[in-house]
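Shown next, in structure tokens, is the structure this report addresses.
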Amino acid sequence: MRIAILSDIHANMPALEAVVEDAREHGATHMICLGDIVGYGPQPVETLARVRELSNGTVLGNHDAAACGLLDTQRFNPFARETAERAAMALSAEDKAWLRDLPYIIEGDRIAFAHSGFYAPECFHYLDNKKDAAASLSAMPDTRVLFVGHTHAQCLFVQDTPNGPVRKLPPEDISLKPGCRYVINPGTVGFPRGERLTADYIVYDTTTQRILFRSLYYDLAPYRLALVRNGYNPMNYWFLSPSARRRQTEQALLHPTHASTFLNADSPFRAHRVTSAHKQMLRIVIVLFSFLLVGVIAFAILTTRTPLPLVSVNPANSLIPPFSEWGHPPTIQTSGDGAKLTFAPETKTLLSPRINLPQPCPEAFRFRFEVEGPEDAQKLKRKRYQTRAIFFCEHGKTKYDKPHPYKKFGTQEYTIKPPQEAVALRIEYTFYLDTPFHVKLPHLEIKK
Ligand code: ZN
């Protein structure tokens, strides 16, 4: 069985829907909510209804307690208090009664769930250190895995021996070991704090004892719209600021959503995926059509005296794959094809896929690229862009080449000298342009 474990949704419907979809794709059949369904966000009613519809168990969060009258909001900061009071006004009496009935702790087969922790759960302390993790483990001696939320940060604590010391590990996918005990925080679905701008949650496979930390990038535009529609002030939400959104774009490119460790070829849930008959039919038609097209082209080549003009998107001597293989976060608006991309104005980052370098690594590469702008670009005040290489070295180290800034459109070229131990690189573009512009597929060649 795979359980999606969600916390701190905070009335953010777009984030919740992104998580629900991702959880389904990862074979989750059950959902547990660790509380704070409402507060901060603009859609408390819809979010509560969705959680009630989907969740197999929910514990009470402090914002839920405030919204249903169980907790005095005087302890909240003014922003939290205001949004909790707005949630209280929006929710029906029936919704509030449902919230009031929520437990502080849910216990399963040697696992348990709480919003803030298991030692005095009604006090809503923040469990963010080894000492508090140990206190929660001591409070629940018969359990093996404790799930908590509340801090909005993904977190993983392990106790290797009964009553032994507690270690803090980085929140990365793990297989739970027999004999060890854990405290795990899935992070926040709907109200990021600090650096992360993602909707975070966990998939727990009870059969394989795998924990998968998921971090999803989702479109924030509908969230902003819901804020405005429901009379909330978007200025109060730091993660909607232009600089935060720019950072999200950069994060999305450099750290794409955690690769799923469930997703190997013999993964059981792959087989469970439903492929509709229509999709199958379409695939067969596409394959047949492709064969036909290849046949026609082969016939044309063989029977035509004058050779066909050779159009090559990606010349064999360039290491760079076509743009169709480059990743874009959803915030980048582009059009074009594998050879040329057109961007709407605004600051943007464009990042090539990881390009594996021949080994031993050549001493130098020639990098040639072209950015096109409007003809009257000379009149523009702001007109800047830059490129740089990011090297991936042995032992997982990342090194950054110095950036090359430009003020004029056109073809540019420079030499990239990778560190000796480089095994791969990515090319990064950053644009600070206030006009629409085009980027042509660059060339990267070994310099002889
Ligand atoms: Zn919260």
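The values are calculated or read from the model by the stated rules, or taken from the named source; none is laboratory data. No experiment lies behind these values; they were computed from the predicted model shown. Reconstructed Cβ throughout: ideal geometry from the backbone, glycine too, with neighbour counts over all protein chains shown. These area figures cover heavy atoms from the full protein model, side chains too; ligands, DNA and RNA do not enter into them. Shrake-Rupley method; radii C 1.70, N 1.55, O 1.52, S 1.80 Å.
Table for the structure above
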{"item": "Set Ala377, Ala339, Ala364, Ala422: member being farther than 25 Å from Tyr217 by Cβ, modelled with pLDDT under 85 and open to solvent by less than 30 Å² (accessible area, probe 1.4 Å)", "result": "Ala377"}
{"item": "Count - residues of segment 128-151 that are open to solvent by 10 Å² or more (accessible area, probe 1.4 Å) and of a type in the set (A, V, I, L, M)", "result": "4"}
{"item": "Residues satisfying the stated conditions in segment 189-203, i.e. open to solvent by 10 Å² or more (accessible area, probe 1.4 Å) and of a type in the set (Asp, Glu)", "result": "Glu195"}
{"item": "Any hit, segment 51-58, residues being aliphatic (A, V, I, L, M), touching a helix residue (DSSP H, G or I) at 6+ places or on another chain (Cβ under 7 Å) and away from the ligand (no atom under 15 Å from the Cβ)", "result": "yes"}
{"item": "Residue within segment 26-45 that is farther than 14 Å from Ile202 by Cα, part of a loop (DSSP other than H, G, I, E, B) and away from the ligand (no atom under 14 Å from the Cβ) present", "result": "yes"}
{"item": "Counted residues, segment 204-243 - those being within 23 Å of the chain's Cα centre (by Cα) and of a type in the set (Val, Ile, Thr)", "result": "1"}
{"item": "Filter result for Arg224 (on the phi < 0 side of the Ramachandran plot, assigned to a helix (DSSP H, G or I) and among the charged types (D, E, K, R))", "result": "yes"}
{"item": "Residues within segment 167-196 that are within 16 Å of the ligand (Cβ to nearest atom), part of a loop (DSSP other than H, G, I, E, B) and not small (Gly, Ala, Ser), tallied", "result": "6"}
{"item": "Test set (1) open to solvent by less than 30 Å² (accessible area, probe 1.4 Å); (2) at pLDDT 80 or above; (3) assigned to a strand (DSSP E or B) - Thr430 fails condition number", "result": "(2)"}
{"item": "Qualifying positions in segment 107-127 - acidic (Asp, Glu) and more than 22 Å from Gly179 (Cα to Cα)", "result": "Glu122"}
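Residue by residue, here is whether (1) touching a residue at least 60 places away in the same chain (Cβ under 8 Å); (2) within 11 Å of the ligand (Cβ to nearest atom); (3) open to solvent by 10 Å² or more (accessible area, probe 1.4 Å) holds:
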| position | (1), (2), (3) |
| --- | --- |
| Arg2 | yes, no, yes |
| Asp8 | yes, yes, no |
| Ala15 | yes, no, no |
| Arg24 | no, no, yes |
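Residues are listed down the side, and each one gets a yes or a no for (1) at pLDDT 85 or above; (2) open to solvent by 40 Å² or more (accessible area, probe 1.4 Å); (3) over 29 Å from Leu240 (Cβ atoms):
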| residue | (1), (2), (3) |
| --- | --- |
| Thr304 | no, yes, yes |
| Pro309 | no, yes, yes |
| Pro321 | no, no, yes |
| Trp326 | no, no, no |
| Pro330 | no, yes, no |
| Ser335 | no, yes, no |
| Thr349 | no, no, no |
| Asn356 | no, yes, yes |
| Arg388 | yes, yes, no |
